[in-house]
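Working notes, structure below.
The values are calculated or read from the model by the stated rules, or taken from the named source; none is laboratory data. No experiment lies behind these values; they were computed from the predicted model shown. Quick reminder, even Gly has a Cβ in these numbers, built from the backbone with ideal geometry, and neighbours come from all protein chains shown. These accessible areas exclude ligands, DNA and RNA; they are computed on the full protein's heavy atoms, side chains included. Shrake-Rupley method; radii C 1.70, N 1.55, O 1.52, S 1.80 Å.
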Amino acid sequence: MATATIPRYEPGKIEPKWQSNWEKTKAFQSKEGKKNKYYLLEMFPYPSGRIHMGHVRNYAIGDVVANFKKRQGFNVLHPMGFDAFGLPAENAAIKNKVHPKKWTYDNIKFMEKQLKRLGFSVDWNRKVVTADPEYYRWEQLLFIEMFKKGLAYRKRSHVQWCPTCDTVLANEQVNDGKCWRCEDKVVEKNLDQWFLRITQYADELLEGLFELEGGWPERVLTMQRNWIGRSEGAFIDFELEKFGQEKIKVFTTRPDTLFGVTFLSIAAEHPLVKKITAVASDENRKKVEAFVEKVKNTNPQDRIAENFEKEGVNTGIFCTHPLTREKIPIFIANFVLMDYGTGAVMAVPAHDERDFAFAKKYHLPIRLVIAPPDREVNEEELEEAYTGSGTMVRSGRYDGLDNDEGGARIVRTLTQKKLGSAAVTYRLKDWGISRQRYWGTPIPMIHCQKCGILPVPTEDLPVKLPTKAPLEGKGASPLGRVASFMKVKCPECGKPAQRDTDTMDTFMESSWYFLRYCSPHYDKGMFDPKAAKYWAPVDQYIGGIEHAVMHLLYSRFITRVLRDLGWADISEPFARLLTQGMVIKDGEKMSKSKGNVVDPDGLIDKYGADTVRLFSLFASPVDRDLDWSEQGVEGASRFLDRLWRFALNIHAASPKARKATESVVSQDELATKIFRLTHKMIRQTTENMSRFHFNTAISSVMEFVNHVAGALPSVWEIGTNPEAAKALTAAQKSALRHAALSAISVMYPVTPHITEELWKLLDNSKMLVDAPWPEFDPKFAQEEKVTLVVQVNGKVRAKLEMERSLDNEKVIEAATTAENVKKHLEGKTLRKTIVVPNKLVNLVLG
């Protein structure tokens, strides 16, 4: 009988060995085939220099899914690359006096080494770097094709400018009036910019969200719906006084309230403002100009915030109500934006909160025209706007109508009189992609005084960034100061012309990279259509909620453009989406800007990569924030050491045990118990892995080890104690070996290095990475039944027969849907739910 000591668990030796082995055997390289494919992708990192625990968690989550699906028999694609263009590289270059390319590629080299140390099952042969000209040449081709189709255009526009980053931002890149990257306040500028016509796809992007229900978090779907912001209503024309036949057009979603209009509000940027100041008295002109200047220095996002103080100035100009011919005063209001609707709003203070606050402030009339169905309302005593449905009053021939019907009739009347029309508007605006910085994809356009703006001939692509440019981070793009880049012949007339100096928004690169992964070395187009047809769409995408609008919306748009160009045959790029929680340290999100990052290299040196992976997956459900804890890392390390000793003790005591089958283990009560525990554990981990409940899957294995040790305490010494090993029956040895192999097998997706090593030590010739996922026998995997008592406010209302150790959410669902419980919950508010596992649920009502 074996008496040798159990070897120590040494991750520092084990992990590099298996990483090298996987690389030599090309274990994670993928190619098209006949098996069912599974495309797993995490949002690729920006090469900022070092990864932190937030990165580790994101990629560990994805790696578990990739490993699990591969072992279930899927042909898995799990690629990785780097989102390499962007402001941080350029700013770092300016600060450190190093070229952005060197800074970026040095960081990529270091980060790739860090990621490989974690043992991720990545097909590095498919690595994509977006700053590579062989990548962005195809992006330039796409831009040119969009230009030819009218989907890319240039115009002068009010844009949001970040003074710190010295560049334009898209609307989606401004959060609460601040730059999404540096968090400094933005200002408005008027510049010539390139735009992509995403609004042309607004309805389709909105409709496509229904297809994603169930696969995407509802929160993300709601954010996209709100950002697209489809509104049905009407355009209505109000004639202007003093300007002949000119009219001012408003958009409203409430044409039913037209008779309640008591003033008009226009944006400070509205073209009418200049005309007003031209005819106003000196005193009024000065008031208007001062107010307009004040508004222009106010952040647009602040202006539409609910708690923003509503202010305005009377222009002294009137318009005419289209149906009553009443004279209506026009105000410039700080809460009206030119980019929303038409930049002019018909103000109905009795039925709109903002208009109500404004009318109260400036003592303007408040006219109730929709009467609530359930109460009398005196408009002189209104304390807030009434925004609900009701019956139309004070609305001429529409009085007495339901407001929806009345609104529809008003629109028909306006249409007949050519004073308005039904309309649909969107909050979504075209995507401004021009950036006035160096480190980005050059926009492939040429400006000729004779021929206008022309695309670069496709045979001249890529338009490469010049290696030298004056990087100062000030004002216009530095490309405009590089003569060798700027000077070019017009492709039409051959005369001297100039290149466009702007670079593209880096969200362009991330809007199609997932398709490039399908064939990253393809040199005849953006991607090989056959490869894309096999792999796309991404089956499971993983990334942060912060990309809910920008990256995800842009990717959905560009995928549809590629489809319409005949280059792709999908509409939605990502079938399923998981938004992982953040890693929190010292009460804040872990990030370099907060100065609270934890370097995983130090943790790997001390504990090993598997411990770091295990902690990041066990400490919290994947969709919730994870609080950083050194004690949690130590706990993860202790469990792996425990798993190591568990498996090797069993192996030393039963190296030649027979395969565990029902007939073998049924000869012994203890063997049967261990066999049953094993199959329950396989079932639980399989189900939890499938639902991405990785923390509970890991917990199942931890509990399993404890249960086996509880049933057979000698499990911790049988490898070194001949007497303890001799006491085992043949059936027990079979059951124990089956238990050890199963625990190792199901832990592989989470901790691949230690499990590969244990698998090998337990005399398996085939690597675990290639072994099929273990199956459970339903007969042995059945849970024992327990009687669950359900109380409502402490009183017993039901007793349910349920499986032992069910998740709390399943227990609560069963308790709240029990027939006798439901009637005690009706009309009540559930304040608190107390669950005592396997015993009791108490529902506390308010």
- Exactly which GluC sites (Glu not before Pro) in segment 372-466 are in a DSSP loop and have at most 14 other Cβ atoms within 10 Å? Glu376, Glu383, Glu384
- Message: If packing is taken as the average number of other Cβ atoms within 10 Å across a peptide's residues, how do 437-443, 242-248 rank, most packed first?
- Response: 437-443, 242-248
- Task: Give me the percent of DSSP beta bridges within the chain that run antiparallel, rounded to the nearest 5.
- Result: 75
- Task: Please give, to one decimal in nm, the separation of the simple spin-label points placed at Lys360 and Asn378, each 7 Å out from Cα toward the Cβ.
- Result: 1.8
- Message: Report the Cα centroid-to-centroid distance between segment 255-303 and segment 731-768 in angstrom, as an integer.
- Response: 73
- Quick one: accessible area per residue over the chain, 1.4 Å probe, rounded to a whole number of Å²? 44
- Message: Can you compute 3J(HN,Hα) from phi for each residue in segment 264-277, using the Karplus curve 6.51 cos²θ - 1.76 cosθ + 1.60 with θ = phi - 60°, rounded to whole Hz and x for Gly and Pro?
- Response: 10, 10, 10, 6, 4, 8, 5, x, 5, 4, 5, 5, 5, 5
- Message: Can you list residues from other chains, or at least 5 along the same chain, whose modelled amide H is less than 5 Å from the amide H of Val128?
- Response: Met80, Gly81, Phe82
- Message: Give the residue list of GluC sites (Glu not before Pro) in segment 757-819 that are DSSP loop and have at most 12 other beta-carbon atoms within 10 angstrom.
- Response: Glu775, Glu784
- For segment 442-459, Karplus couplings with θ = phi - 60° (6.51, -1.76, 1.60), whole Hz, Gly/Pro x: x, 6, x, 10, 10, 9, 10, 4, 8, 9, x, 9, 10, x, 5, x, 4, 5
- Message: Kirkwood Rh over alpha-carbon pairs of the chain, then Stokes-Einstein at 25 °C and 0.890 mPa s: what D in µm² s⁻¹, rounded to an integer?
- Response: 78
- Note on the structure: Rounded to whole Å, √(5λ) for the Cα gyration tensor eigenvalues of segment 409-545, largest first, gives 36, 28, 18
- Length gained, Asn706-Lys495, 0.36 nm per residue minus C-alpha separation, equals 67.9 nm
- How do Arg435, Arg563 stack up against each other in accessible area, from largest to smallest, with a 1.4 angstrom probe? Arg563, Arg435
- Task: DSSP loop (so not H, G, I, E, B), at most 16 other Cβ within 10 Å: list which trypsin sites (Lys or Arg not before Pro) in segment 306-357 pass both filters.
- Result: Arg325
- Message: So for segment 685-787, considering every pair of alpha-carbon atoms, how many percent are separated by more than 25 Å?
- Response: 26
- Message: Quick query: amide H of Gln791 versus all other amide H atoms, modeled in the peptide plane; which residues come in under 5 Å with a sequence gap of 5 or more or a different chain?
- Response: Arg797, Val841, Asn842, Leu843
- Task: Pull up all non-local amide H partners of Asn75: gap of 5 or more, or a different chain, and H-to-H distance under 5 Å with H placed in the peptide plane.
- Result: Asn36, Lys37, Tyr38
- Query: Going by average Cβ neighbours within 10 Å, how do the peptides 360-368, 724-732 rank, with the highest at the top?
  - Reply: 724-732, 360-368
- Task: Provide the per-residue ³J(HN,Hα) series for segment 721-727, in order, calculated from phi with Karplus coefficients 6.51, -1.76, 1.60 and θ = phi - 60°, each as a whole number of Hz, with x at glycine and proline positions.
- Result: 10, x, 5, 5, 5, 5, 6
- Taking 0.36 nm per intervening residue step and subtracting the Cα-Cα distance, what contour gain separates Phe243 from Thr222 on full extension? 3.2 nm
- Note on the structure: Restricted to segment 173-320, the DSSP antiparallel beta bridge percent, nearest 5, is 90
- Relative compactness, segment 199-297, computed as alpha-carbon Rg over 2.2 N^0.38 Å: 1.57
- Message: I need the fraction of alpha carbon pairs in segment 326-384 separated by more than 12 Å, rounded to a whole percent.
- Response: 71
- Message: Can you give me the convex hull volume of the Cα atoms of segment 553-596, divided per residue and expressed in Å³?
- Response: 93
- Message: Rg and Dmax in Å for segment 331-426, alpha carbons only: what are they?
- Response: 14.6, 38
